[in-house]
Amino acid sequence: LPGNHELMMMLCLLHKGTREDLDRWFHNGGEAMFDEVDPKGKATSGQAFDLIKARLDPRFVEAIVEGDTHLVRNRVLFVHAGIHPDKNLSAYLDQPRFGPPHADHWAWMRHPFLSWEGGWAQHDLDLVVHGHSPATTKFIQDEAEAVFLLDKVDDFHCICLDAGSMSIPQVVAVEFRGPQHRLHVAQM
């Protein structure tokens, strides 16, 4: 599912974003990509863009540009950042993926989503699985700590899959088996 970082990148690489779009992406992962494709810094920005485009799997590009922006399975919504508790869910999730970023978008949302304790029955959902807002920026030591930091089903009716991977080499996945779920943490 596309997130704000992928959307920023695609806006700059494929849709010729504005200078402001480029600056935003550059400070949110773009600079690291430029350094990776041109470690000696000898390429022009146009050449660096071409190098990045050449390294992207076309299936990845297609998924981010044209694929689903969210998934619903068994009353569980999977979305990058979150949803607004008081807005029409269909209209909210139908917001265009490209355009000026704003805090009330499924790829950028933080609040009121992160502090919402009212459940999601008004949207015909039991649970929202999201990323975007790191639950931690430290290595998770064990399963109990993962559950404490990421599994907010009881209080907030959500599971956070952002374990700070932008800052540290750690990723999280959730496995569902019927009504049960289990978190998996991998450190690289």
Which chymotrypsin sites (Phe, Trp or Tyr not before Pro) in segment 90-186 pass both tests, a DSSP loop state and at most 13 other beta-carbon atoms within 10 Å?
-> 139
Length-normalised contact order for segment 73-165 - Cα pairs under 8 Å, 6+ apart - percent | 31
State, to one decimal in nm, how far the label point of residue 28 lies from the label point of residue 165, with both points 7 Å from Cα in the Cβ direction.
-> 1.7
What share of the DSSP beta bridges in the chain is antiparallel, in percent to the nearest 5?
-> 70
Regression test value, accessible area per residue of segment 26-119, probe 1.4 Å, units Å², expected 61
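Say R0 is 30 Å: what FRET efficiency, to the nearest 0.05, do residue 86 and residue 143 get from their beta-carbon distance?
Details: r = 35 Å, r/R0 = 1.15.
About 0.30, to the nearest 0.05.
Accessible area of segment 89-156 with a 1.4 Å probe: how many percent of it is carbon plus sulfur? Mind showing how you got there, number by number?
Numbers: 2050 of 3700 Å².
Summing carbon and sulfur atoms, their accessible area is 55 percent of the total for segment 89-156.
List nothing, just return the count: lysine pairs in the chain, 8 or more apart or interchain, with Cα separation under 27 Å.
Working: 16/40; 16/42; 16/53; 40/53; 42/53; 87/152; 138/152.
Taking the Cα cut-off of 27 Å, the pair count is 7.
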Tell me, what HN-Hα J-couplings in whole Hz come from the Karplus equation 6.51 cos²θ - 1.76 cosθ + 1.60 at θ = phi - 60° for each residue of segment 70-81, using x for Gly and Pro?
-> 7, 9, 10, 9, 6, 6, 10, 9, 10, 8, 4, 9
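Residue separation times 0.36 nm, minus the C-alpha to C-alpha distance between residue 20 and residue 104: what's the value? Spell out each step's value before the answer.
Details: separation 84, 0.36 × 84 = 30.24 nm, distance 1.90 nm.
Extra length from residue 20 to residue 104 when fully extended: 28.3 nm.
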Normalise the Debye intensity by I(0) for segment 1-97, one equal point scatterer per Cα, no solvent, then take log10 at q = 0.14 Å⁻¹ and round to two decimals.
-> -0.61
Which whole-number percentage describes the relative contact order of the chain, with Cα contacts under 8 Å and a sequence gap of 6 or more?
-> 16
Any chance you could look up the accessible area of residue 31 with a 1.4 Å probe, heavy atoms only, rounded to 10 Å²?
-> 90
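The values are calculated or read from the model by the stated rules, or taken from the named source; none is laboratory data. Just so it is clear, the structure is predicted and the values come from calculations on it, not from any experiment. Cβ: placed from backbone, ideal geometry, glycine included. Neighbour counts: every protein chain shown. Note: accessible area is taken over every heavy atom of the protein model, side chains too, but ligands, DNA and RNA are not part of it. Shrake-Rupley method; radii C 1.70, N 1.55, O 1.52, S 1.80 Å.
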